[in-house]
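Working notes for the structure below.
The values are calculated or read from the model by the stated rules, or taken from the named source; none is laboratory data. Small disclaimer: the values here were computed from a predicted structure and weren't measured. Neighbour counts run over all protein chains shown; Cβ positions are idealised from the backbone, glycine included. For accessibility, only protein heavy atoms count, side chains too; no ligands or nucleic acids. Shrake-Rupley method; radii C 1.70, N 1.55, O 1.52, S 1.80 Å.
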Amino acid sequence: NVIQQEERTEEDLIAAGFKYYHRRKQLVMARVLPDDEAPLILELPWDTLIAEAGYYICYDPGDVWYVNRDSYDRWAVRPDIFESTYNEWDVPDWQPNKPESYLMSFGCKPYYKFAGVWAKRLIYPTYIRSLESKSAALIPAGAWLAIGVKNAPWHIEDKEFRSRYQLSDGVENGA
C-alpha cells in the first residue's frame, strides 16, 4: 500500500491519526531551476526527487558555509505548491550570513514557508510517493508523513520536523 496524492478531507486526516502543525518562521533560500540544469536529480536519505525546469530548489542555509552549493540540505518544490506555501522573507534589516550570501550568488532569494501541515509520526515503515518522487520510497518508522497543500504527501526526518514545525500546538483541525 503506497501513500500518494489523493482526495482527503480534514475528517479523513483526523480519523487517520493526523494532526495539524503550524510552521515556524525560518529562512529558506530558493531559486527557480533553469532549463540548462533540468532535470535535476536529488538523492535524499530515503528517496530520489526529480526536479523539472521551473521547479523551486530550496536550501536550508544554516550557519556553516560549504564550498559546494549541493552540500546544503535541499529539496525540490513544484512551482504551484511553492507559490501557495512560501512568502518572501520579510524581516526588516535582514543581513545575509556567509552561507546565505553564497547561495544568493547562484540566484537564490530569501523566503519562508508559512503553510502548516497535517502530519503524523510513522509507527511502521511506509511506502510514500511525493509529487516530486521518481517512485514510491520506503520511509522508516520514526519519520513523519506529512500531507501538504493539494493533498500532496511527503516525508521528513524527525529532527527536521521538530525544528520546522510547532509540535506543542498539534491540533485536530487546521484552525
- [ ] List the residues whose amide H sits under 5 Å from the amide H of TYR86, counting only those 5 or more places along or on another chain, with H placed 1.01 Å from N in the peptide plane.
- [x] PHE114
TODO: Subtract the Cα-Cα distance of GLU83 and LYS120 from 0.36 nm times their separation in residues, and report this length gain in nm to one decimal.
DONE: 10.9 nm
TODO: Enumerate by residue number the GluC sites (Glu not before Pro) in segment 12-98 meeting two conditions: DSSP loop (anything except H, G, I, E, B), and at most 14 other Cβ atoms within 10 Å of the site's Cβ.
DONE: GLU52
TODO: Let me have the 222 nm mean residue ellipticity of the chain computed from DSSP H runs of 4+ only, each contributing -39500 (n - 2.57), with the sum over all residues rounded to the nearest 500.
DONE: -4000 deg cm²/dmol
- [ ] Please give the FRET efficiency for ALA15 paired with PHE106, using the beta carbon to beta carbon distance and R0 = 35 Å, rounded to the nearest 0.05.
- [x] 0.20
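How many percent of the accessible area of the chain is carbon or sulfur, using a 1.4 Å probe?
50
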Open item on the list: Apply the Karplus curve 6.51 cos²θ - 1.76 cosθ + 1.60, θ = phi - 60°, to the phi angles in segment 130-144 and return the couplings in whole Hz, x for Gly and Pro.
Closed with: 7, 4, 9, 6, 6, 7, 5, 10, 7, 9, x, 4, x, 7, 10
Task: Accessible surface, per residue, of the chain when the full set of protein chains is kept, probe 1.4 Å, Å² - done: 54
TODO: Using all C-alpha to C-alpha distances in segment 1-86, build P(r) with 5 Å bins and read off the rounded percent in each one.
DONE: 3, 11, 16, 20, 20, 16, 9, 4, 2, 0
TODO: Note the listed values [x] -0.45, -0.54; [y] -0.39, -0.47; [z] -0.56, -0.61, then indicate which one is log10 I(q)/I(0) by the Debye sum over Cα atoms at q = 0.10, 0.11 Å⁻¹ calculated from this particular structure.
DONE: [y]
Open item on the list: For a quick check: with amide H placed at 1.01 Å from N, whose amide H comes under 5 Å from TYR127's, ignoring anything fewer than 5 positions away on the same chain?
Closed with: ILE3, ILE139
Task: Only Lys, Arg (+1) and Asp, Glu (-1) charged, at Cβ; segment 1-122 dipole about Cα centre in debye - done: 500
